[in-house]
Every structure is written in C-alpha cells, then in structure tokens.
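See below for the structure under consideration.
The values are calculated or read from the model by the stated rules, or taken from the named source; none is laboratory data. Note that the coordinates shown come from a computational prediction; the quantities given were computed from them, not determined experimentally. Here the Cβ is made from the backbone with ideal geometry for all residues, glycine too, and neighbour counts use every protein chain on show.
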Amino acid sequence: MTWLSPILAGAAAAIAIPALLILYFLKLRRRDIEVSTTLLWQKSIQDLQANAPFQKLRRNILLLLQLLVLAAAILALAQPEIDMGVGDGQRFVLLIDRSASMSARDETDSRGNPVTRLEKAKQEAIRFVDTMREPGLFARDRRDEAMIIAFDTGAEVVQTFTGDKRRLRTVIESIEPTDAPARFEEAARLAGAHAVTVFMEAVGLVTEAGDPMYIWSDGGFPDADRVSVDPSTPVHYRSVGAADSVNFGVTAFHAERAFDAPERVSVFVGVQRVGAAGGGGEVDVEFAVDGLVSAVRTVRFPETGSDAPASEIEAPRPSGVVFRLDRLEAATLRVRLLGQDALASDDTAWLLLPPARRLSALYVAERESMLLEAVEAQELSRLVSASPQQFQRMADDGRLAEFDVIILDDWAPQTALPRGRYLIFGAEAQGLRGLEGMGERVEDPRIVIDWRRDHPALRGVSFDNLYIASSSTLQLGESAVTLAESDRGPAIVEVGDSGARAIVTNFAVLDTNWIWDHNLVIFLGTAIRHLAGDGAAFAHERLTPGAVLSTRLPPGASDVELTLPGAERISLTPSADGLVNYGPIRRIGLHRLRWTGVPGEADQVVDGRPQRTMAANLLDPYESDIRPVERLELATRDIESAPGEAGPALAARSLWPWLILAALGVILLEWFVYNRKVHV
Amino acid sequence: MLKTTTTTRPRTLDELLDPRLVSRLTQLDVSSRKVFAGKLKGERRSKKRGESVEFADHRPYVVGDDLRHIDWNIFGRLDRLFIKLFLEEEDLSLHIVLDASASMDCGEPSKFLYAQRLTAALAYIGLVNLNRVTLTALGAAAGGAGGDGGSEGDGGPPRPAPVSESVIRNLRGRRRVHDMGRWLCSLTPGAGADFTEAAKRIALTRTGKGVMIVISDFFLKEGYEQGLRYLLGRGYDVFAIQTLSPQEIEPSLGGDLRLKDIEDGDLAEVTISSALLKRYKANLSAYCDELRAFCARREITHITVQTDTPVDTLVFEYLRSRGLLR
C-alpha cells in the first residue's frame, strides 16, 4: 500500500476530527421540551457521564457514522494505492506504428468486431494509459508520465511527456493511419533522445537507462538491423496483426519505351503474395490508362505443396505481369489489384508516363574529337557542333536554351556557365555549385575503382576497362555527388544547381582508352538522358508516402495549389528559386500541383493553368509483407513480443474512488439512522 | 412527562365524578387500621366506651354512674350492680393532601386531573359516611381557590392560609359535597410548594387523629421523607398515593433535547439513546422502590397508580385491597 499524500491527509485529520467532536459537544440544535421534573433525567445523565467525559459520545451511532465518513474522506485524500512493486512515478515512451501495413483489417476488438491493426494498437495503448498511476493531489511527481511517438517512415512526437491521461487518450485516438512504409530507426532515436547523460567522476559521461519503451507494431522494419537501443533501456514490444492474413500487393510498377520505337511502351507490374504456407491463389490486375481500364490480367500463385503446416506463414512470393501499350504522348497509368485482401493501400499504384521525345545536343570543342562520333551515335533529334566562339555568341543570343544538353569536350568558358545542362569532359568550368576548382592535369595512370551503379546517369555503364592516363584533382563542395571514383579520388561528379547543372569528368576522353570502349556510348546515352530529363525529373521520380514532396516550379510561379488524393487542397508558397515543399506525404495517390505562371517543360496545361502531377506509391515489398513479426531483431538485441504483459499499473491501483463511495454509503446509512431516531 | 396540552379543567363536580360512580361510592367507607378518638359522635367505633348499641363490657357500678346503664339482669342473678358499657361510635377525620404543583399538570391523561378525580371520590366517600373531611391543595396557583375560610367548621382563630396552600376544612355530611366540588374545581396547578414545610404546617395545625391521604407524584427535589415524617408524627394513618403518567413510566422521546423542569426551570440537555432511556427507567423504578420502602418502614400505605388507570378501578379494587376503603 502506498500513500500519495499522507501529510496532507494527516493535517486534514488533525483539523477535521477534533472539529467534528467539538461540534458534537457544542451542538446547540436541541429541541426544548417541558417535563414534570428533571430529577430523574439529571440523575440518569450523571450516571452515564460518571465514567469519562467521552461517555456522552458513547453509543452515539450518528457520531460514529460521521467519524466513519470523515475517516473515509481523509483516507481518500491520502490517495492510497495498492502497488505491486513499482516505486515512484515512471516515464514511459509509447511508440505506435501507423505505417501502411497497420491499416490491415485483420484484428478484432474486445467485442469481436473486425478492426485494423492500428485501431487495435490504439486500444491497447489506451488501456495501458488507463492503468498508469494517477498523479497525487499535491504530489505531482509521483505519477506516471508517458510520451507518445507515432511513426511510419519518419517519427513524430505527437505528445511530449505528460501525466494527463485524458490528453494522452485524446492524442492516441487522434493518430491516423498513413500509407507510408515503416522504418524504426528515427522512432528509436527519438525515443532514446530523452535518456539523460551525466558526468561521473572517474567514469566519465554515463548515459542513464532510458525510459521504458512500449512498441505497438506489426514489425517488419527493413532497417531494424541498424537500430541500436541502449541495452539498459527496457523495451516492450506488442505485436499486432493476425498471422494468417492473406495479402496481395503491387511491389513494382515500371514503364519503358522501346529504344528504337519510342511509342512502344512496356509496363512491368510486380505482384507479391503473403499468406498461409503452401496456399495458392490468384489475383486480377487491372491496368488503366488515363483512368480508362485497358486490360485485366490474372496473376496466379500456384500452390507450392509445402509440407509446412497451414498455420505457418511462408515468405512472400513475388510474381509479375507485363502490359504493353502504344503511346507517344504522356499518360497516367494505374494498376489495381481486384478483390479483397488484408491491406488496401498496396493494391493500387500510379505511374506518369512521360511523352516520347528526342533530345537535342550542342557539342562544343576547340577541336572536334572522336567523342563527337560517339555523340552522333545517340538517337538525338538535333546535334550541333560548335566552336567556343560560336558557343559564346549563342550564349549571348540566348540560343543555348534550344539544346537539352551541351557537351563541352576538353574546353570550358572562363566565365560562369549560362543556365543549362552540361556534360563536361576534362575542363574546369566556372559557376557550378559544388565544384570549387580543378587542379592541373597530371600524367598519372589511374583506374576507376568504384562507381554508383544505381545512378540513372550510369545505368548499365561499366568502368572496369577504363584506363586514365592523365587527370586533374577535383576540389568539391558539399553538394557535389560523386558518381565514379578513381584510386586517387572522385573521377566523375555531378554538380550544379537548378540553373546550371553538369556531369563533370576530371579527364579528357582522348586521355583514356574509353574511346575504344562501347561503354562510352552507353554512358553518353544515359548521362544525356539523365541531364535532359532533369528539369522534370521529379515528375517521374518515385514518390513514396512518408517522404517529402519537393519540386522546383518554373521561375515566377505563384498561387500554387496542391491537390491531395482525397481532393483536399492546400496552398503552398514557393521559395525564391521556385522550390515548393510539402510533406511528409501520408497517402498514396496522385498529387497535383497547379500554379499561375509558365509551365515547365514536362508540365501539362489544364484550364489555362500549368499542372504538374506526381504519383505517390507504396511499392514496398517489406510493407506489403504484412506478416506480424513476433521478434524484433534490433542491432543490439532481440525483443520478443509480449502481448499479455501487464501495464505499469496493474501495479498501482488507486483506492480513493472506493473510499469516496464508501463515504457516500455511510452518509446514506446515517440519514437512515437519523430518520429512524428522531421521532417524538 | 410532558406538560399536558389539553387545558380544559373541570368546572363542576359532575365533570369530576361520573354519576354512576357516585352511586357506587356510597357503598364504601373510609377505614383505618387505627381507631381514633373523634370529636363528635359518628358512625365509627371509638376506643371510648359510649352510647352506641354495641355492647363492650361490664364494670361495677360506682356512685355517679348513669342509672340507665345498670344491667338489671345481672343484678337479678348476682344481686350486684354492674354497669353495661357500650362502644362509643365516633366520626373519622379524613385529611386529603393534594399536590397541586405544576409538575402534576403533566402527562396524558393529566396527573392533576386524575388527582382531582381521586380526591373527589375519596372526599365524597368521607362526606357521605359523616367523616370530617379536610382537603389541602399544596402549591396551587394564587389565583385559584385560596383558603375557603367560610368552610372552616370548627371555628378557631382564622389563620391566613399560605399562598401556596389552599385548604378547605372540616366538611361533614352529604350537604357539603358541593362545597367540596366547587373547591376542587377552582384549583389550578401552581408553581409548587415546599412539601416539607407544608407537611409541617399541616401537622401543627391538625389536632385530631385520622386518616391522611397524600396524592402526589412525589417528584420532590427537596425530598419527601421529612414531610411524611411530620405527617406521621401526629398519629395519622397515612396513605401515599403516587400518581404517574404513562409518559413518565415509558418516555417516548428521541433526538437531542433540552428538558426544562416545569417547576423550577432547571435545564437538562440530553441526547436520547437507548442507554439513557434504560438508565432513566432504572432510576424511576429505584425512586419508586425507595418511596415504597420508606413508607413500608413507617406503616404508610403506598400505592403507585398510573393515570390511565380508571378511577373506579383504583377506588374499588386497589384502594379496597390496600385497606383504605371498605
């Protein structure tokens, strides 16, 4: 038994009980009655009072009952609690997963109604809050406090530490599901951020054990192996979700135009099945172009005939389907999995197909080299070769904007590069953000040891056979992106900003054996396509719920309005250079930006206003894999799910409401006794 | 217990005594365990040898004896003169002392009214049997009867009656019944009197012997012992009739009360509890027992009567069985 405010109750008792007794002694509310003689009464009173001054109070049931009421009230004031081992107030960090997979409707509430995993998690969290220790009336420090973090890809502290249970409940109730994939790293970092680091003599900085963490999630964090939680911090994991749920999800959606026939578009759709082991099934995939359904194909998952029991869940099984389409213009593609499954947000995906077009390029060199021939091999609509003087004139006339990409072969102007996209080989260009300078070219044979194979500019390119005879040293700023690295430092970098942007090599093509390598042609193709597409790249880039929508509008754009998938409209204010940000995005679907001003190259014009459409898709195999994880395997330790674990405060249950109730009961009894007694 | 709420008081003797009761009362007479010397010849045997028809004894004739009393039959047989002695019949002095203090004006039925009725019945019996009846009301209100001087039958120097006492003396014969009734009806309970002093005065005033009936609740803070001793000292055959109301015997009080003594205004703050009621009843019982024991030791006949007992029951049963009436 713990008393939260014993001193207060003691003081109240010291005042109230004697006061009640004195009131009883001094009670003046007596009825006057004339009797024949007081002789016998006086004698009787004297007899009763003979023993002690408190004889008057003896057997006075009304006083006894009032003392009982008072005692109950004072005990209630002392706030007794039955505790089972927990000391003073604790602080808890409640982490609630609101990612896409938590929207799977495969849980049941206490009455057996189907609910989503998030609703179940919220109910359990509220139950947890309900059992937290109440604050003492005047001992606020002896209550439990909780912080609530809602997380998906990112994490958000939706409620800082408080003991206000009503507020905690309201905040938990208000957590909305999102379509974002789950990542745990940021949430764990936020949760651990409150651990106090103290300096201890002869030991140094010591981080105290963090507050206990309670996680409600279905697990499945792809970044779990990067999450490290302080070993002394208690972590409780409550897994939600039914293990036998069947889910089909779109995990990939990609479209490609044929290299030789741009109107021919191949659309690849990856579909994944999660469900009971050995089970088969099929799902219809609906393919729509600009909102009109053009095909429905069935993806079959044959039964594997696995020996595993049906209750076991097998690993996700991927499959896919390809749709073909003839279209030169831009189009909005949509795939949808028909039929019911556990999770809806991975059943639909959108893709914005850019229009087919050929690029134009300007080749500038003091002396035309064999590089020009490699450029000519590209499928370009227009290729112009110019000398530096012609380049300068074109720059002065503003005609450079006619070209998608400008290739500078071993030459660069001494002044800052005009606005445009550049592919620069072995020359030091001015005015590119992130490129601070280039040293003298030194005869020093090198090879490329590493490159970013996933970068769009290097897709399919290999530098294995590249031998560089002489090269310069690049001095790079923070914003520079290194694409390929030689054994002496960056060899190919991407620098610049929205004005002038360039892929720069620190060597001239003629100083290498690249000219004999077919990889040069591939590199030129991918790099030119990457640079040229850069202006509207965001339109085609994958946008995932949980990420921030960030795009650059043409200069002068104003009155910017973003329409969300739910038709909600939001006004945005672009920064000085046209950048607009919104996010994080919560829902999958098409996000439409409309503004007043000039349209960008890839933007449509609808009703006289430019419009840029962006599709947010889940496309996450981890998130579509909705199998609840019973064991969180973090970098530092593994945590088993313990759904039935007691809340903090089964350990501390307040008794004062019962005492107040008892006091009320005694008052009723007293009223009854009084009415029975007072009659003449 | 509580002051009587009904304030109507009897105005005539008929209201005090039911005519049917009156007709039955004539059969009764006051008896006394002692035989007293009366002043006048009455219907009662006296110690004195006298002139009644009832033979008592013989004695030798001495000169001067009334020759009419010589038993000539004995003279014929024995040739000696004997005088026949007869028992003298005398009247009986009946003195009823009625407590008219305020404490008697309590209870339902009122103790005072009950005492008035009882007094009327006993006085009537006394009057019709030619006894000398004297009535004294102790502590009656000053505006009440006052001393009925005209009724003092045996003359004597007229004495101013004390304010707290009202007396009607020496009534005799049926024709004085209405005087007695008027006097009784004129009584109003007053503030109360000192019983001891009053008893002392009565004892000093009274010369003869006879039957003394004291009707009171005997709730006397100064004590009843000395007063009763005074009364006994004059040779009276004393009867103490203690009247108690039902509310005094079984109080039906509850709650927190301030009890006010109706006579002296004394206050008692009580919280009625079962313990207190129990204690009160025990005290009442002890008080009555004490009075009874005191009376028994001094040959005083003590009767406790509850005011809801009918007067005729009291008269024809209780008082007869206790030897006051026959």
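So the values come out like this:
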{"read-out": "Residues satisfying the stated conditions in region A:160-179, i.e. surrounded by 21 or more Cβ atoms within 10 Å (Cβ to Cβ) and of a type in the set (Asp, Glu)", "value": "A:ASP179"}
{"read-out": "Subset tally (residues that are under 26 Å from A:GLU134 (Cα atoms) and surrounded by fewer than 20 Cβ atoms within 10 Å (Cβ to Cβ)) for region A:145-158", "value": "3"}
{"read-out": "In region A:374-409, the residues that are in contact with a helix residue (DSSP H, G or I) (Cβ under 7 Å, 6 or more places away or on another chain) and more than 9 Å from A:TYR363 (Cα to Cα)", "value": "A:ALA374, A:ALA377, A:GLN378, A:MET394, A:LEU400, A:ASP404"}
{"read-out": "Failed condition for A:GLY210, given (1) at pLDDT below 80; (2) farther than 25 Å from A:ILE96 by Cβ", "value": "(2)"}
{"read-out": "Subset of region B:176-198 [under 24 Å from B:LYS3 (Cβ atoms) and small (Gly, Ala, Ser)]", "value": "B:SER186, B:GLY190, B:ALA191, B:GLY192, B:ALA193, B:ALA198"}
{"read-out": "A:ALA416 in contact with a strand residue (DSSP E or B) (Cβ under 7 Å, 6 or more places away or on another chain), more than 17 Å from A:LEU510 (Cα to Cα), surrounded by fewer than 16 Cβ atoms within 10 Å (Cβ to Cβ) and in contact (Cβ under 8 Å) with a residue 12 or more places away in the chain", "value": "yes"}
{"read-out": "The lone exception for A:LEU325 - which of (1) crowded, with 18+ Cβ neighbours inside 10 Å; (2) closer than 23 Å to A:ALA182 by Cβ; (3) not basic (Lys, Arg) it fails", "value": "(2)"}
{"read-out": "Residue within region A:497-510 that is assigned to a strand (DSSP E or B) and exposed (fewer than 15 other Cβ atoms within 10 Å of the Cβ) present", "value": "no"}
{"read-out": "Conditions (1) surrounded by 22 or more Cβ atoms within 10 Å (Cβ to Cβ); (2) away from every other protein chain (no Cβ under 13 Å); number of the one not met by B:LYS209", "value": "(1)"}
{"read-out": "Residue list for region B:169-223, restricted to those being in a strand (DSSP E or B) and in contact (Cβ under 8 Å) with a residue 60 or more places away in the chain", "value": "B:PRO189, B:GLY190, B:GLY210, B:VAL211, B:MET212, B:ILE213, B:VAL214, B:ILE215, B:SER216"}
{"read-out": "Within region B:264-296, considering residues that are farther than 29 Å from B:GLN116 by Cβ and of a type in the set (S, T, N, Q), the one surrounded by the fewest Cβ atoms within 10 Å (Cβ to Cβ)", "value": "B:SER274"}
{"read-out": "Qualifying residue in region B:265-287 (condition: modelled with pLDDT of 90 or more, within 23 Å of B:GLY227 (Cα to Cα) and more than 11 Å from chain A (Cβ to nearest Cβ))", "value": "no"}
{"read-out": "Residue list for region B:172-188, filter: farther than 26 Å from B:ALA102 by Cα and out of contact with any strand residue (DSSP E or B) (no Cβ under 9 Å at 6 or more places or on another chain)", "value": "B:GLY173, B:ARG174, B:ARG175"}
{"read-out": "Strands (runs of 3 or more DSSP E) wholly inside region A:318-366 containing at least 2 residues that are at negative phi and in contact with a helix residue (DSSP H, G or I) (Cβ under 7 Å, 6 or more places away or on another chain)", "value": "A:359-365"}
{"read-out": "Some residue of region B:243-263 being more than 8 Å from every other protein chain (Cβ to nearest Cβ), small (Gly, Ala, Ser) and surrounded by fewer than 17 Cβ atoms within 10 Å (Cβ to Cβ)", "value": "no"}
{"read-out": "Answer from B:GLN226, B:GLN247 - the residue that is over 30 Å from A:ARG31 (Cβ atoms) and either in contact (Cβ under 8 Å) with a residue 12 or more places away in the chain or part of a loop (DSSP other than H, G, I, E, B) (or both)", "value": "B:GLN226"}
{"read-out": "Residues that are among the charged types (D, E, K, R) and either outside the structural domain of A:LEU524 (by TED's automatic domain parsing) or surrounded by fewer than 15 Cβ atoms within 10 Å (Cβ to Cβ) (or both), drawn from region A:461-487", "value": "A:ASP464, A:GLU478, A:ASP487"}
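So that you can scan it fast, the table gives a plain yes or no per residue for (1) at pLDDT below 90; (2) β-branched (Val, Ile, Thr); (3) closer than 28 Å to A:ARG358 by Cβ:
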site	(1), (2), (3)
A:ASN247	yes, no, no
A:PHE253	yes, no, yes
A:ARG257	yes, no, yes
A:ALA261	yes, no, yes
A:ARG264	yes, no, yes
A:GLN272	yes, no, no
A:ALA276	yes, no, no
A:GLY281	yes, no, no
A:PHE287	no, no, yes
